[in-house]
1. Can you pull out the residues in the stretch 187-213 that are over 21 Å from Tyr159 (Cβ atoms), of a type outside the set (Ser, Thr, Tyr) and in contact (Cβ under 8 Å) with a residue 12 or more places away in the chain?
2. Residue by residue through the stretch 234-285, note down the ones that are free of Cβ contacts under 8 Å to residues at least 60 places away in the same chain and in a helix (DSSP H, G or I).
3. Considering only the stretch 264-323, how many residues are crowded, with 19+ Cβ neighbours inside 10 Å, more than 23 Å from Ala114 (Cα to Cα) and not hydrophobic (A, V, I, L, M, F, W, C)?
4. Please state which of the following conditions Pro297 fails to meet, knowing it meets all the rest: (1) modelled with pLDDT of 90 or more; (2) in contact with a strand residue (DSSP E or B) (Cβ under 8 Å, 6 or more places away or on another chain); (3) part of a loop (DSSP other than H, G, I, E, B).
5. On the basis of being of a type outside the set (Phe, Trp, Tyr) and touching a Phe, Trp or Tyr at 6+ places or on another chain (Cβ under 9 Å), does Asp248 make the cut?
6. Could you tell me whether the stretch 119-140 includes any residue that is touching a strand residue (DSSP E or B) at 6+ places or on another chain (Cβ under 7 Å), among the β-branched types (Val, Ile, Thr) and under 28 Å from Asp178 (Cβ atoms)?
7. Filter the stretch 269-312 down to the residues that are over 29 Å from Cys179 (Cα atoms) and acidic (Asp, Glu) and list them by number.
8. Can you find a residue in the stretch 223-246 that is closer than 15 Å to Val175 by Cα, surrounded by 19 or more Cβ atoms within 10 Å (Cβ to Cβ) and charged (D, E, K, R)?
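The values are calculated or read from the model by the stated rules, or taken from the named source; none is laboratory data. The shown structure was predicted, so the numbers you read here are calculated from the model rather than taken from an experiment. Don't worry about glycine lacking a Cβ; one is built from the backbone with ideal geometry, like all the others, and counts go over all protein chains shown.
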Amino acid sequence: MLDNLFESEEMSVSLLPREELRLGPFHSGAPYKCGPISNGTAGRRPTLIEPERLKDFGEEELLNGDVKVYDTKVVGAPEIMLMNPPKTRRVSEFRIIPRPLPQYLRFEDISAAAFRIQSGIQKTPCTYSRLSKQYGMEIYLKKEHLHYTGSVKERGVLYLLTSLTQEQQRKGVIVATDCNFSMAVAHHAVELKIPMFVIMPSCCSSPRLRIYRDYGAMVISYGSTGYDSQNHARHLAKENGYLYLEEDESAAYLAGLGTVGMEIYEQVPKLDAVVVPAAGQYGLLAGTAAAIKHLNPQILVIGIEPEGFPLLLQSLKTNSPVKDMHSNPNKKLYGGKISKSTHCSLCCQV
């Protein structure tokens with residue numbers, strides 16, 4: 001039996017100098033080309049990853065017994081498990097947010113995304129884990145932290161940006177949240193020569209602002225809260241024709257995330273199960289499940305979310321996105337996006 005585990009999509013990683021992580025030959029002033037993106041080497045994906053960074057994060061501590069390990073046991077069919085809410089919570093504790101159901105995420109869209117981003121996004125390795133011996137199964141880890149910004153979200157962002165019209169690319173894009181999604185937008189928008197604007201509140205730390213400036217984005221501080229900066233960003237977008245980007249609004253973004261599932265299916269033979277993080281945003285789970293289930297419906301796709309904040313579990317039960325009124329999630333981890341995600345319906349469909 002083979003199990004495939006993801007490393008956290010929010011894994012921290014020390015970034016090497018920009019030149020050391022470029023995805024292939026680069027010539028000054030040469031932008032990406034529409035699809036597939038040219039990197040100067042036909043038919044090849046350059047691998048510029050240091051061997052030291054391929055090590056399984058945390059495995060030494062686990063093998064030495066230095067950290068607490070939680071054992072998980074599947075005790076029933078996944079369909080039954082998903083429909084049973086935790087005993088400590090009740091459906092009445094949740095408020096349903098009425099939203100229109102998004103369209104189905106098609107495998108054709110995911111395949112098109114894989115073709116478009118094949119040279120602009122590193123095909124990350126899926127390596128055999130030394131934890132396999134400890135748990136008595138073959139475990140593989142998909143190294144999505146090896147992307148330039150350290151996040152899987154680069155996949156969806158690049159496909160989203162390359163799917164924009166030439167007119168919209170000329171006008172530019174704008175974001176107003178400090179997260180991996182915004183960093184991915186900043187990095188790839190600048191690479192594509194798309195005008196990039198980042199609006200952040202005054203409380204945002206200088207090191208964080210410096211990251212966006214180092215990517216090449218124009219950073220503007222406005223307001224004292226995230227709501228102030230977001231409202232100002234929307235105003236600027238409407239006034240100047242910029243495209244205001246948020247993480248959960250684009251089918252192209254989800255299709256780009258789904259390319260992870262395609263790569264896993266190619267890299268791990270005789271795959272039995274895929275475990276995907278599903279906290280805060282569910283786009284990675286929705287895209288991965290859509291790809292995996294199309295390629296082999298027998299493969300089990302498991303989404304993992306915090307036991308004390310099971311929004312996806314309740315959303316699947318009510319068949320509608322819900323907002324927990326009685327829990328206080330970690331704001332540093334989830335930001336202000338908990339109640340916005342509409343990917344729950346897509347997860348239910350696949």
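1. Scanning the stretch 187-213 gives Ile199, Met200, Pro201, Cys203, Cys204, Arg208, Leu209, Ile211.
2. Residues satisfying the conditions are Arg234, His235, Lys238, Glu239, Tyr265, Glu266.
3. 5
4. Of (1) modelled with pLDDT of 90 or more; (2) in contact with a strand residue (DSSP E or B) (Cβ under 8 Å, 6 or more places away or on another chain); (3) part of a loop (DSSP other than H, G, I, E, B), only one is false for Pro297: (2).
5. yes
6. Looking for residues that are touching a strand residue (DSSP E or B) at 6+ places or on another chain (Cβ under 7 Å), among the β-branched types (Val, Ile, Thr) and under 28 Å from Asp178 (Cβ atoms), one finds at least one in the stretch 119-140, hence yes.
7. Matches in the stretch 269-312: Asp272 only.
8. Checked the stretch 223-246: no residue is closer than 15 Å to Val175 by Cα, surrounded by 19 or more Cβ atoms within 10 Å (Cβ to Cβ) and charged (D, E, K, R).
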